[in-house]
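Working notes, beginning with the structure itself.
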Amino acid sequence: MNPPVSDWPTRSADLSDDGILEISMGPQHPSTHGVFRMNVKLDGETVVWLKPVFGYLHRNHEKLAEKMSYLGSMPYTDRLDYFSSLSNNWAYALSVEKLTGIEVPERAEYLRVLLAELTRLQNHSAFLGFLLGDMGAWGSALMYAFRERDLILDLFESLTGSRMMCNYMRFGGCRCDLPEGWLGQARKVVDGFPAFLDEMEQLLVGNEILVARTQGVGVLAGADAINAGLTGPMLRASGVDYDIRKVDHYGIYDRFDFRVPLGEHGDTYDRFMIRLLEMRESLKILDAVLRDLPEGPILDPKSKSRGLRPPVGEAYTRVEAPKGELGFYLISDKSPEPYRYRVRPPSLINLTLLEDMCLGSKIADVMVILGSIDIVLGEVDR
Amino acid sequence: MLPLEDIRTQIMEALPGAACEIVPNPGPSGQDSLLVDSASVLDVARFLRDDERHQFDYCSNTSGVDWLDQKVSETVKVAGTDAEGQANEVEETLERVIPGYLEAVYHLYSVALSVGPLVLRVRTGNRSEDVEIPSLTPLWRSCEFQEREIFDLYGIRFSGHPDLRRLLMWDTFEGHPMRRDYQAPDETLAFASANGKEDAS
């Protein structure tokens with residue numbers, strides 16, 4: 001059914017056999033952030049052709065979910081983008097709530113925003129460390145970032161019982177209320193975070209090597225990015241003002257005052273800076289959440305997580321996950337399992353323009369460009 | 001976003017030959033969808049993308065859905081002989097098969113106008129031979145990997161796709177695992193259905 005490998009189409013015309021080197025980067029290459037492979041053709045050091053190869057971590061997440069109760073898939077969503085399990089939980093819960101028509105209590109809405117923004121902080125700080133690692137500055141930046149990320153993971157652990165596989169949200173709210181002293185600890189982490197950002201900026205912004213490695217590398221125009229479905233920081237680094245928190249106002253995001261940072265050049269440097277700036281905006285939201293968090297129930301008492309049978313229908317909802325638009329498309333036939341369960345993975349779709357960004361670059365830039373997309377293979381391959 | 005009925009009217013005005021109808025969504029989400037036949041989907045999609053009033057410049061999600069053949073049994077009265085040998089009307093049960101189909105569902109948004117989603121559905125003729133529908137990748141690059149995934153897992157062939165290969169399964173793999181009636185080969189674990197209707201083999 002499939003054409004043989006030798007017939008794979010090439011976008012770049014007139015590849016001569018002379019001097020063209022074809023290499024396979026990955027799946028075990030350290031810069032691929034997991035098991036991801038790129039077939040690359042090189043003319044000297046210049047990339048002339050690049051095809052990503054997927055599927056090494058494929059476990060057919062969607063099929064599993066279609067054989068399981070609605071609640072049963074909740075812990076599996078943790079394993080999509082395993083850096084941001086709480087965002088995944090929220091995206092899935094939101095979709096089931098839309099499908100079923102469940103309301104979420106006020107306090108749970110605040111808790112969701114609180115946890116999603118903490119997730120964004122730890123995802124973006126780890127991203128900065130990994131990106132520097134891809135450039136050869138292995139160690140320092142990542143250790144600084146992980147030091148801060150660990151404080152947030154401690155918070156997740158004391159609330160949900162797990163550092164990364166949180167499995168915390170439920171349809172119509174959250175699983176458990178905050179333990180004693182948690183808010184004080186969270187306040188300490190949030191208040192201490194700007195110092196880390198200052199430190200990171202001092203260390204990196206304007207750094208001569210970083211600038212040389214990233215400015216003008218992997219440039220992406222805004223219109224191309226929209227057409228290729230790129231979302232999240234990738235899209236905004238190309239100057240497109242599109243943040244789903246602002247567009248859809250899901251949850252209670254319309255109550256918070258924050259800006260959407262935009263890039264000017266759409267290069268790797270902008271994608272790096274966008275994450276730094278987004279963390280500052282997340283801190284503003286967190287500040288307001290910690291100030292305004294109301295008392296009350298955290299789960300709609302009428303909601304039903306076990307044995308849920310949503311009415312016949314379908315729903316597509318999306319959230320602004322740290323990596324981009326994470327969507328869930330569900331079709332219910334009123335049975336306990338979803339008839340169709342589809343994840344719209346931002347990591348996979350953000351790779352659409354990888355070849356276009358890399359063509360003409362040096363092979364060493366491929367790692368930097370790939371690193372600036374911020375993928376997690378658990379979500380790419382599902 | 002304009003009501004779906006108005007969008008449909010505008011499509012019919014611009015493209016009189018297009019066949020498109022509204023599929024209502026009975027659930028609380030109220031996301032109705034637009035069912036377009038495969039002959040006119042490219043024109044309709046191009047209209048939705050390029051028309052000033054719509055500007056659906058962003059195709060967010062592309063999803064495959066498998067609808068199995070449905071067996072419907074009807075009881076009808078036909079002429080015949082009853083138990084006593086008299087000519088009379090008797091009841092007879094007829095089984096009718098409503099053929100299934102594969103479906104590609106596109107969720108369109110407009111970044112320019114900040115509206116969406118518009119749900120576009122395209123159906124194949126059946127689930128076996130007639131599984132070709134036009135690819136929308138020439139209009140939205142974001143469909144490239146997602147249509148490859150649908151081709152891989154559902155077996156819809158997208159004509160006009162620049163690079164239609166399997167995405168997640170390996171190239172020599174046979175079958176389409178996301179189909180509702182897919183049977184895993186013996187050596188792999190079959191999944192027990194969550195409600196216990198099927199046994200794990």
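The values are calculated or read from the model by the stated rules, or taken from the named source; none is laboratory data. As the structure is a prediction and not an experimental result, all values here were calculated from the model. Cβ: placed from backbone, ideal geometry, glycine included. Neighbour counts: every protein chain shown.
General observations
- Number of the condition not met by A:P311 [criteria: (1) facing chain B (nearest Cβ under 10 Å); (2) assigned to a loop (DSSP other than H, G, I, E, B); (3) under 17 Å from A:V40 (Cβ atoms)]: (3)
- Among the conditions (1) in a loop (DSSP other than H, G, I, E, B); (2) within 9 Å of chain A (Cβ to nearest Cβ), B:H107 misses just one, which is (1).
- Residues that are surrounded by fewer than 19 Cβ atoms within 10 Å (Cβ to Cβ) and in a loop (DSSP other than H, G, I, E, B), drawn from the range A:263-277: A:E264, A:H265
- Residue tally, condition of a type outside the set (S, T, N, Q) and in a strand (DSSP E or B), over the range A:324-364: 14
- On the stretch given as the range A:229-262, residues that are within 11 Å of chain B (Cβ to nearest Cβ) and of a type in the set (V, I, T) total 4.
- Residue count, the range B:87-132 (criterion: surrounded by 21 or more Cβ atoms within 10 Å (Cβ to Cβ), of a type in the set (A, V, I, L, M, F, W, C) and more than 14 Å from B:W67 (Cβ to Cβ)): 5
- Qualifying residue in the range A:365-376 (condition: in contact (Cβ under 8 Å) with a residue 60 or more places away in the chain, within 14 Å of chain B (Cβ to nearest Cβ) and part of a helix (DSSP H, G or I)): yes
- Taking the numbered list (1) surrounded by fewer than 23 Cβ atoms within 10 Å (Cβ to Cβ); (2) in a loop (DSSP other than H, G, I, E, B); (3) of a type in the set (V, I, T); (4) modelled with pLDDT of 90 or more in turn, A:V217 passes all entries but (4).
- Here B:E13 fits the description: exposed (fewer than 13 other Cβ atoms within 10 Å of the Cβ) and assigned to a helix (DSSP H, G or I).
- Members of the range A:184-202 found to be free of Cβ contacts under 8 Å to residues at least 24 places away in the same chain and of a type in the set (S, T, N, Q), listed by number: A:Q202
- Top-ranked residue of the range B:50-91 - restricted to ones that are aromatic (F, W, Y) and in a strand (DSSP E or B), ranked as nearest to the other protein chains (Cβ to nearest Cβ): B:Y58
- Scanning the range B:24-44 for residues being within 16 Å of the chain's Cα centre (by Cα), hydrophobic (A, V, I, L, M, F, W, C) and under 14 Å from B:P134 (Cβ atoms) gives a total of 4.
- Number of the exception - A:E62 against (1) among the acidic types (D, E); (2) part of a helix (DSSP H, G or I); (3) over 23 Å from A:T352 (Cα atoms): (3)
- Every test in (1) of a type outside the set (A, V, I, L, M, F, W, C); (2) more than 12 Å from the chain's Cα centre (by Cα); (3) surrounded by 13 or more Cβ atoms within 10 Å (Cβ to Cβ) is passed by B:E84 save one, and that test is (3).
- Counted residues, the range B:30-43 - those being buried (at least 23 other Cβ atoms within 10 Å of the Cβ) and either within 14 Å of chain A (Cβ to nearest Cβ) or assigned to a helix (DSSP H, G or I) (or both): 1
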